[in-house]
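The values are calculated or read from the model by the stated rules, or taken from the named source; none is laboratory data. Predicted model, so just to flag it, every value in this text is computed and none were measured. Cβ coordinates were reconstructed from backbone atoms using ideal geometry, including for glycine residues, and neighbour counts include every protein chain displayed.
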C-alpha cells in the first residue's frame, strides 16, 4: 500500500522530464493541451469578472487545476463518456466545444443549450459525450459506474470517466459507485481531483486516512496517485487506466494531487480559512507554466507565442460576451417544455396565468 501513496510525476515544476511515461502525448497533443488550459483559465477569469459586475449570477474557477481535466481528456477518445463536476470545462474545450456556446450557457440566455434551466457553470454537451454537471456532490459517481457497465454490455471499445473532488469521497455515492464498478469490472475511471479543500474544509478535517487512493484497496481495484499539475503524468495514467479497463481488468481510482488556487466559487472567501503563503507555494507548481517550460526546452514554444495565444483567446471571449449580451432570454414557453412528450394542459394553464 505504501506504493499507492507515491505521487507519480514525469514533469518537474521547472519543465524537466524526471522519467519515461508509459504513454507519451505527441507534440501536437501537448500543444493542444497547453492551448486548452489557457482557454479554460482565461474564460474562467472573465466569467468571474462578469459575476462581480452583476452581469451573470454565478461562476467557479479551475485556476491551478486545469491540467486535471485537459490532460485526462487528451488521453481519451470522443467515444468515451465524461462526467464532470464543475471545474472541468477544460474537458469540453479540449473536445472542441465553442467558447461562444459556453458563454451563452453562463449567461443562461436563449441560446444556452440548457435554456437557463441550470445555474451557470453547470455545463454539458450531448454532442461531445460530456454529461451535464449537477450541484449535489458525488451524484455522478454511481452514474458513471452504470454507464461504464452499459458500454461493456454493448461490447463498445469505450470507457466512462467521472471527475470529483476529494470531498465527494465522504458521500455514500462514492462507495456505492466504486463497489458496483469493482464487482462488475465496469470499464470506468474514477478521477478524484484532490485540491485540498471541500469548500472551506481542509483535507485534515475530512478524513483520517492518507488521502483517497488507498480506498482502491478496499474495493479490490487499481489505484494510482498522480501529480495533478503534471499534464504528461496525468495523460499517461489515464491512458493506462483506459487500456486496463478495455482489457476487462476493471476500474481505476486516480487521485490527482493539486490545489484550488481560487475561491470555491464567487460565493466564497478563501482568505477566511487559508493563508497566502500556501497559495504562493502552489502557484509555483502551475501546470501551464510547467508545460510551457517543457515545450520551450523542446523548441516548440516561447513567451511571444504565449502572448499571441492569450490575445487570440481574449479576443474570442470578448466577442462571445458581446453576442451573449445581445441575446434575449429563453422563451417563456420553454419553462414547461423538456420533461413531458406532450405538455400537460395544467402546465399550459399555469403558463397562461403567468403571462
Quiz item: Residues 225, 260: which one is in contact with a strand residue (DSSP E or B) (Cβ under 6 Å, 6 or more places away or on another chain), at pLDDT 95 or above, buried (at least 17 other Cβ atoms within 10 Å of the Cβ) and within 20 Å of residue 45 (Cβ to Cβ)?
Solution: 260
Exercise. Answer yes or no: is there a residue in segment 16-36 that is under 23 Å from residue 161 (Cβ atoms), surrounded by 16 or more Cβ atoms within 10 Å (Cβ to Cβ) and touching a strand residue (DSSP E or B) at 6+ places or on another chain (Cβ under 7 Å).
Key: no
Quiz prompt | Matching residues in segment 103-140 - criterion: being in a helix (DSSP H, G or I) and either in contact (Cβ under 8 Å) with a residue 24 or more places away in the chain or touching a strand residue (DSSP E or B) at 6+ places or on another chain (Cβ under 8 Å) (or both) | solution = 103, 104, 106, 107, 140
Self-check item: Which listed residue, of 204, 216, is assigned to a helix (DSSP H, G or I) and surrounded by 17 or more Cβ atoms within 10 Å (Cβ to Cβ)
Solution: 216
Exercise. Would you check if there is a residue in segment 224-243 being in a loop (DSSP other than H, G, I, E, B) and more than 27 Å from residue 142 (Cβ to Cβ)?
Key: yes
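Residues checked against (1) within 16 Å of the chain's Cα centre (by Cα); (2) assigned to a loop (DSSP other than H, G, I, E, B); (3) at pLDDT below 95:
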| position | (1), (2), (3) |
| --- | --- |
| 33 | yes, no, no |
| 58 | no, yes, no |
| 70 | yes, no, no |
| 101 | no, no, no |
Quiz prompt | Failed item, numbered, when residue 65 is tested on (1) more than 19 Å from residue 289 (Cα to Cα); (2) touching a strand residue (DSSP E or B) at 6+ places or on another chain (Cβ under 8 Å); (3) crowded, with 20+ Cβ neighbours inside 10 Å | solution = (1)
Quiz prompt | Complete set of residues in segment 310-355 that are exposed (fewer than 13 other Cβ atoms within 10 Å of the Cβ), touching a helix residue (DSSP H, G or I) at 6+ places or on another chain (Cβ under 9 Å) and under 25 Å from residue 54 (Cα atoms) | solution = 318, 325, 332
Quiz item: Taking interchain pairs and intrachain pairs at least six residues apart, which have beta carbon atoms under 8 angstrom, with the first residue in segment 235-251 and surrounded by fewer than 24 Cβ atoms within 10 Å (Cβ to Cβ) and the second at pLDDT 95 or above and assigned to a helix (DSSP H, G or I)?
Solution: 250/181; 250/182; 250/244
Self-check item: Count - residues of segment 175-185 that are within 21 Å of the chain's Cα centre (by Cα) and surrounded by fewer than 23 Cβ atoms within 10 Å (Cβ to Cβ)
Solution: 1
Self-check item: Hits in segment 244-262 - residues which are under 16 Å from the mean Cα position of the chain (by Cα) and in a loop (DSSP other than H, G, I, E, B)
Solution: 258, 259, 260, 261, 262
Quiz item: Restricting to segment 240-255, what's the tally of residues that are closer than 12 Å to residue 223 by Cβ and in contact with a helix residue (DSSP H, G or I) (Cβ under 8 Å, 6 or more places away or on another chain)?
Solution: 6
